[in-house]
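Report on the structure given below.
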Amino acid sequence: MMNRQNQQAGDNSNNLQSKEMTVNILGIDEKRAREVFQEMNLQLKDKYSEEAMKIAQIRIDEFENRLMPKMEDLEGALEVFADPSFQLLLVEAQKTAAATERPVDYELLSELLVHRFQKRKNRVARAGISRAVKIVDEIDDDALLGLTVFHSINSFLPLTGDIFQGLDVLNELFGKVLYGSLPLGRDWLDHLDILDAVRLSPIGTLKKIEDYYPEQLYGYVDVGIKKNSENFDRAMSIIEANKLPKDIIIEHALNPEFVRVPISNRQHIESLVLTKQLFQQGFFIPKSIALSDSQKKAINTIYDLYSQDINIKNENTRLFIEHWDERANLNTLKKWWNSINIGAEVTSVGRVLAHSNAQRCDKNLPYLD
């Protein structure tokens, strides 16, 4: 059953439609967006003394200078300045900017408003962002660092199938995120709990690094297929029958007697691509080609041929953690994380705040899901 509603409007008018109201307003450019920013700022004039307003204005201007270039770089983002709900959040962000002396907070606020644009249709995410904007100036430096590391552990994993490269990727990431001395004890967690950024649990504890990462990156520590075995021959037959490249299985870096599919976990089989060299205009040009459904099924069948020897897997895990400890940032992370002896979970508020701070540290991180 179809329900159609058609409307026509003349020049210089807006289209409105219910039951869900859609408003299309065009023509917000960078100049008008900055005017809206200043119009919202005027609402704060009567909230401060003349002396305080001078300080507040300097801070708000710094926030504006961090926010506007980000919004200009995102397609359609400037138009959100015409959205009443965004304007209300913008005023709250200006209040927070006025109240904080930390330069990092202006960057955090700008990232949070970028997230607000990207999640404008997600009410759950919007609620978390709105609360996060209000506590930026309240969160302690050490607690923010701890929260950001906590979130990074839960959120970022390497995509590469190369074990040592994956460890290097994580080491580089935490080299950027570990920008200060990590907080010790539990005061910082209590502080985050008060701010609704984490939820503490009196029962249970966090998984240790040596348990958590091998579970998340099980493609690195799973045993694989023993070379020159019957299953190895079966794997090679599957590769040939499905026209897969022979390097779809590689020597296991943790045990050279075995081979493995170069993925960090099995779900990545869906995103694997083949690279072919195409000859065009006198040059060989690499081109990525998606796997067919039958090829994905074939790789999954190869994975099913892996040995399930628990002793070998345990040794792979031990070696994986040994290589982990050789990397300074990961070693520091492990010692700190394993010292936390209370259960904790990052809330939606903490998540958006920590992600914004992580992106401040590493501009190459993906946007929040």
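The values are calculated or read from the model by the stated rules, or taken from the named source; none is laboratory data. Small disclaimer: the values here were computed from a predicted structure and weren't measured. No Cβ is skipped: glycine too gets one built from the backbone with ideal geometry, and neighbour counts run over all protein chains shown.
The table that follows gives values for the structure above.
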item	result
Candidates Ala52, Ala97 - the one that is within 25 Å of Ala127 (Cα to Cα), among the small types (Gly, Ala, Ser), surrounded by 10 or more Cβ atoms within 10 Å (Cβ to Cβ) and modelled with pLDDT of 90 or more	Ala97
Top-ranked residue of segment 37-56 - restricted to ones that are of a type in the set (S, T, N, Q) and in contact (Cβ under 8 Å) with a residue 40 or more places away in the chain, ranked as farthest from Gln359 (Cα to Cα)	Gln43
Search result, residues across segment 157-180 that are under 30 Å from Leu89 (Cβ atoms) and touching a Leu at 6+ places or on another chain (Cβ under 6 Å)	Gly180
Filtered residue count, segment 307-320, keeping only those that are buried (at least 20 other Cβ atoms within 10 Å of the Cβ) and under 14 Å from Phe232 (Cβ atoms)	0
Test: residue in segment 124-132 that is surrounded by fewer than 17 Cβ atoms within 10 Å (Cβ to Cβ) and farther than 15 Å from Lys95 by Cα	yes
Selected residue (criterion: nearest to Thr317 (Cα to Cα)) from residues of segment 205-219 that are in contact (Cβ under 8 Å) with a residue 60 or more places away in the chain and part of a loop (DSSP other than H, G, I, E, B)	Leu217
